[in-house]
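Here's the structure, in structure tokens; my notes come after.
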Amino acid sequence: MEVVILILKGYLLFTIGMMVIYSIRHFIFTLNRLFYEQRIYYQDIIDSDLKSVTVLIPMHNEEKVAAHILDLLVEADYDRDKLEIIPINDFSEDGTKAVLDGYAARYPFIKPMHRNDGDRGKPAALNAGMEKASGEIIIVFDADYLPPKGLLRSIAVCFTDPEVGAVMGRVVPINTGKNILTRLLDLERTGGYQVDQQARYNLKLMPQYGGTVGGFRRKEVMELGSFNTRILAEDTELTYRLSINGWKVLYANRAECYEEAPEEWNVRARQIRRWSRGHNDVMFRYFFRLLKARHLSFREKFDGTLLLLVYVVPVILLLGLIDSLALFFLGEMEIFAGFFFLIFIGAYNTFGNFAPFYQVGTGCFLDGAVHRILLLPLLLFNFFFNMWHIAAGFFDALLDVVTQRKALWQKTERFRKSEPRTGT
Amino acid sequence: MLLFLCTIIFVGMFLLPFTPAVREVIKKEDAAPLFINMGYSKDPRYFAVSFRKLMLKAVGDAPEGVHEITLSKPERIRIAGQAEVSADSAIDTVFYVKKSLKSGNNATLRKEVYSRGDVHLGEENMIKALACDGKVTIGKGASFMRWLDAEGDVTISEDCHLGISATCDGVLSVAPGCRFMRLYGAPVIIAQSKITPAAGGKPVEFEPIANGAPTERGISSLPAHNVKNCNLIAEGSLSVGEHAVIHGHVKSHGKIVLGASAVVIGNLFAEKDIEIGPGSRVYGSVFSQGSIKLQRGVTVGSVGRIKSVIGKKGVTLEHGVTVYGYVATEGKGLVV
């Protein structure tokens, strides 16, 4: 029994240690955004020799939204001679094909690809799209995204830097005011992009390519093996694969694009569980490879490791809560006696619990959206919700590794209310 | 009763932090999505282009004289044919000139000016903003509060403050002592009073740097007269000797110092300062998170191509510098 109690106590200390590390990380990011020098992105560069671009838009049953993104992309200010748009109709059973063919008839640079055999899912669709693409740079959007006129240029311009392998723009929910869930997701996005990603860019750590509103070098990614169709988080995997091979991933805070956030809790639950499963799968594959990477600095490796573990932390916390309950009922909650324990717990409560909230609040402040800061306490509920579903995703990934089963891609449901349009 | 009271107090205290959130959920004061300008397109002449559109729409066929118009807000506007602003005088209204505009020394134009013909400003003028459809010449010590733009060439004399941006569709010639934040011209040239830089000429052709070009890492110096046919990535600072030629892009995580008469057929990126030696030639863009100094006779870009020189903390341009395109800084822009 003593050994069990010792293990339980050790685990609790480990949990607190992890939380302290992540809290410090959040605080550094927040303070960096508020008070320290900001690195500028490349959006001010005007260059008439930007690389050719292929936009890939994986679509599975997207008749509700396909026309919206295509309408916006044909208005893009990118040189038409250097632009190609490939919407990838991936096994759709609705009217997506008709919508895409309608646009192809009007615009020669829109070249739809209809997939009805082979592997399904986003990574497989992107691989097929890259085979067909002619652009030097691939820019990816999900079908529900609404790119502004200048976005392609803002993304493509960073590839004038010879060290940049991928770039990530900022995602902004367009249906923020729909309900409490969308409002909370908007807060998460604000903290995640405006503070977290930008701070990592400022500090020359490892910003993350997010799989949409971003781009990468086609030839180089294909030479590295394209996307692994067994991994659900193909974006995270690409971030680590490029970084390990000496490429930098940049974050472009000004390359903003609207998305549609999930409006129902069950849809959000599936989405975040899928993210967790994919991200943790990448964690299992890249943890040691990251530590051994030749081209990364110590700080990049350290932050890259923390980023890699970010979907493990909720699992650690969940187990920590269970652990603390067990210790409580065993009457063994007192780990350290005396003054140091009080200081330790006090510091943790002061900084640890509030760190992510400061990050979100700071993001809102920087965006000038100050009233939504009032919603911060409600993130408590999101925290428990995320913890549960991320933990489920972690165990999915663990099972994937143990059983070598293949994960099946699940599309996030769309909520936009509109009739399908053919573009003709 | 006590238990009930305690329960009420507990529930109240528990819910208290959530009350502002509940209020915001109900009132939806900040529920709109964050604003993204869906029509935004990077244009160095953005201010002038949008101002011209506003002005032409507001002025219409209005005759000469003083009128009330609405730009971004209601304004008084003076419309003139040929205009001459005498020395030491001031104009307090928006000024629309149908032909050409000339001002004497120490004139003040407190509002925006739009001239459809050429503009000649005397010394020590103070102007809020100027859009011109012709050529512009500006006397010594003029000061722009916001911006200046012309469809034709712009010639700027010594010691002028060029506001947020000075742009044109022709040659933008800037004399020593001027301060700027953004310059755009085809090209931008830095001229001393008796020097005419070699602007213009035939387009220079060269092979673009292909995707997948070989990359050499870990380099810290390139000796004089050496030639490299690859991209260079330096983990620290990089020093390039005189007359060295790099057919590739260059990235440094420290400083870049290019010796005299070096040639880079590609872009230059540095996390710290960039200093380009006299007579050097960079065919691509130059970008620094620190400062950039282009010494005398440096040329960036080539005819028919638009390139940029972006230095976050500052850009210093010496005489004889030519930049085909755009120069910008968040810090101090100085011509010496």
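Across B:ASP92, B:ASP153, B:ASP273, mean-square fluctuation computed from a Gaussian network of chain B (C-alpha pairs under 10 Å connected) peaks at B:ASP92. Over all orientations, the range A:18-101 has a Cα convex hull whose mean projected area works out to 10.1 square nanometres.
For chain B, modelled as a GNM whose springs connect Cα atoms under 10 angstrom apart, the maximal fluctuation among B:GLU242, B:GLU84, B:GLU24 occurs at B:GLU24. Candidates A:PRO356, A:MET19, A:ALA105 compared by Cα position along the dipole of chain A: farthest toward the positive end lies A:MET19, with charges placed on Cβ.
Database remark: amide H of B:GLY333 closer than 5 angstrom to the amide H of B:PHE180, B:VAL315 (H placed geometrically; neighbours at sequence offset of 5 or more, or on other chains; Pro and chain starts carry no H). If you take every DSSP beta bridge fully contained in the protein assembly as shown, what fraction is antiparallel? Give it as a percent rounded to 5. Approximately 15 percent, going by the DSSP bridge assignments. The chymotrypsin sites (Phe, Trp or Tyr not before Pro) of the range B:1-87 that meet both conditions, a loop assignment by DSSP and at most 14 other Cβ atoms within 10 Å of the site Cβ, are B:PHE35. Give me the distance between the Cα centres of the range B:91-115 and the range A:195-270, rounded to whole Å. With the range B:91-115 and the range A:195-270 each reduced to a Cα centre, they are spaced 51 Å.
Once you've got the GNM for chain B with C-alpha springs shorter than 10 Å, pick whichever of B:HIS253, B:HIS120, B:HIS225 has the biggest mean-square fluctuation. Fluctuation is largest for B:HIS225.
Note that the range A:65-78 has calculated 3J(HN,Hα) couplings of 10, 4, 5, 5, 5, 5, 4, 6, 5, 6, 8, 4, 8, 7 Hz, one per residue in order, obtained from phi through the Karplus relation 6.51 cos²θ - 1.76 cosθ + 1.60 (θ = phi - 60°); glycine and proline are x. Bridges between two residues of the range B:46-170, per DSSP, are antiparallel at a rate of about 15%. Secondary structure note: in chain B, about 15% of the DSSP beta bridges are antiparallel. For the range A:1-416, a crude dipole built from +1 on the beta carbon of Lys and Arg and -1 on the beta carbon of Asp and Glu, taken about the Cα centre, is about 480 debye to the nearest 20. In order along the range B:323-329, phi translates into HN-Hα couplings of 10, 7, x, 10, 10, 8, 8 Hz, rounded to whole numbers, per the Karplus curve 6.51 cos²θ - 1.76 cosθ + 1.60 with θ = phi - 60° and x for Gly and Pro.
For chain B, the calculated P(r) over all alpha carbon pairs, in 10 Å bins from 0 to the bin holding the longest distance, is 6, 22, 24, 17, 13, 9, 5, 3, 1, 0 percent. For A:LEU56, A:LEU379, B:LEU16, the sequence from fewest to most other C-beta atoms within 10 Å is B:LEU16, A:LEU379, A:LEU56. Relative to the longest principal axis of the Cα atoms of chain A, helix A:313-329 runs at roughly 20 degrees.
Under a model in which nothing but the beta-carbon of Lys, Arg (+1) and Asp, Glu (-1) is charged, the range B:15-129 shows a dipole of about 400 debye around its Cα centre. When the pairs B:LYS135/B:LYS307; A:LYS111/B:LYS307; A:LYS64/A:LYS411; B:LYS228/B:LYS312 are compared against a 26 Å limit on Cα-Cα distance, A:LYS111/B:LYS307; B:LYS228/B:LYS312 fall above it.
Readers should treat all values here as calculations from the given coordinates under stated rules, not as data from a laboratory. Nothing here was measured: the structure is a model prediction, and the numbers come from that model. Heads up, the Cβs are rebuilt from the backbone with ideal geometry, glycines too, and the neighbour counts pull from every protein chain shown.
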